[in-house]
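To keep things clear, I will list the structure first and then write my remarks on it.
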Amino acid sequence: MIDPPLAITLLVCLLATAIGFVLLTRALRKRTAAVAAAQAELAAAGQEIATLRRQCAEFPSVQRQAARVPELEARAAQVDEVGGKAEWANGWLEATCDEIEHLATKRLPALVNAEARGHRGVVVPGPLADDFQDLPVEKHHQAVLDLCREAVAITRERIGGSARSALREVLGEAQTYMVRCQNEILETIERAPEGAEQLQWLFDFDHLVTRAVHAVQRVLILSGSWPGVQRDDCTMSDVISSARGRIEAPARVVYTHEATTGEAWVEGRVVEAVTVALTELLANASAYTQGKVDVQVQQVQTGYCIVVDDSGLGMNHYQREAAAKVLDRHEILDVTSLPNALSLGFMVISRLAGDYGFQVDVSGTSAFGGVRAVLRIPRELLGQGPAATEEESVQQRAAASPV
């Protein structure tokens, strides 16, 4: 039998032990949980440390890549620039193709129409874009146009030269026969008795042959030949009479002879040239008026002037400018692009004036409202007459001097 106090003591000890065990168990559990948490934190820290180690290992690579950022940016800028240039090049290529198409479809056809076909008022267009004016492409295009112009000019000159040569040969022969025919007519007239019925017919026939000779002459002159007739010194009056006899209506030409001017001599070398030119002026004047054509010879400081006044409708401003241009050109006839036959007269005058040194002006207005044409013969082209002595020669030159 256990003593009660001892039992109580033992019970208390057991209770204390149980309480201590419980407390110890709880403490161990807390400690285990803390250790587990610490282990988890340690594991997480280990992962972070591993991550940091990896990042530290990769840091030099990152630095190197960071160092390449300016290079990569520069390359990106270059790529952008190349892309811009490529876009510009594509645009320039398209514009160039458009210019080439414009050259082939517009500029060259216009050049052919203007230069080869002789169409009036045709303007050869320039490049489509003004930016091409100073570029090598436009210079090359212009070189192509210039070569085409040169090719047309060379071809035309070769063809024209051959044609003019053939014209001179054929018409020169025809002129020879016509002049022989004229001589035969004149001899027949001289042998015919006065009052013979055939005289008027011979005169009319001679007039027709004379006009035919003049028609041949004008083409010969325009093809680069000389008038084909060499004459002695003649007076102004003889020149006017000869020119009047070569037009269709000679009776309508009125010339009042004055000894002071009508007896002035023209050098034989230029007599036929002046006569042909005056014939063209008289033909124009009589063709455009139904009235009289007045002819005067006036002495001026530089020589003599043959003045032709008609009473026609005259010429407007543009016609006067066109006539002045033709008279200033002194060109040989381009048989590959013959002008209207009505405009050949001024071309004949222009050729003769350029070759022989006299001047013709048709810009004036006559007192009758028509055209005033002036043919000026300088002192250098005045003659002395067929049988002038030394004294007569001095008198002729004195008479030709300005008063």
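Of His257, Ile240, Leu281, which is farthest towards the positive pole of the stretch 212-289's charge dipole, taken about the Cα centre with +1 and -1 on the beta-carbons of Lys, Arg and Asp, Glu respectively?
Result: Leu281, furthest along the dipole toward the positive end.
For the stretch 111-252, which whole percent of the accessible surface, found with a 1.4 angstrom probe, sits on carbon and sulfur atoms? Mind showing how you got there, number by number?
Details: 4660 of 8690 Å².
That fraction is 54 percent.
What residues have an amide H closer than 5 Å to that of Val300, excluding those fewer than 5 places away on the same chain, when H is modeled at 1.01 Å from N in the peptide plane?
The answer is Cys305.
At 1.4 Å probe size, put Tyr177, Tyr304, Tyr318, Tyr255 in order of accessible surface, largest to smallest.
Accessible-area ranking of Tyr177, Tyr304, Tyr318, Tyr255, largest first: Tyr318, Tyr177, Tyr255, Tyr304.
Arranged from highest to lowest average of other beta-carbon atoms within 10 Å per residue, in what order do the peptides 355-361, 216-222, 104-110 appear?
216-222, 355-361, 104-110
Can you give me the Cα centroid spacing of the stretch 177-229 and the stretch 343-373 in angstrom?
Distance between centres, Cα-based: 25 Å.
Work out the charge dipole of the stretch 91-153 with +1 on the Cβ of Lys and Arg and -1 on the Cβ of Asp and Glu about the Cα centre, then indicate which of Ala116, Cys97, Val137 is farthest towards its positive end.
The residue sitting farthest along the positive end of the dipole is Ala116.
Would you list Glu87, Glu157 from the most to the least accessible area, probe 1.4 Å?
Largest accessible area first, the list is Glu87, Glu157.
Along the charge dipole of the stretch 243-383, Cβ charges K/R +1 and D/E -1, which of Met315, Ile349, Gly303 sits furthest on the positive end?
Positive-most Cα among the choices belongs to Met315.
Would you mind working out the magnitude of the charge dipole of the stretch 239-293 relative to its Cα centre, with +1 at each Lys and Arg C-beta and -1 at each Asp and Glu C-beta, to the nearest 20 Debye?
Numbers: 5 positive and 6 negative charges, 40 e Å.
So the dipole magnitude of the stretch 239-293 works out to roughly 200 debye.
The values are calculated or read from the model by the stated rules, or taken from the named source; none is laboratory data. What you see is a predicted model, and the numbers here were worked out from it, not measured in a lab. Because the Cβ atoms are built from the backbone with ideal geometry, glycine has one as well, and the counts that use them run over all protein chains shown. Quick note on the areas: whole protein, heavy atoms, side chains included, nothing else; ligands and nucleic acids left out. Shrake-Rupley method; radii C 1.70, N 1.55, O 1.52, S 1.80 Å.
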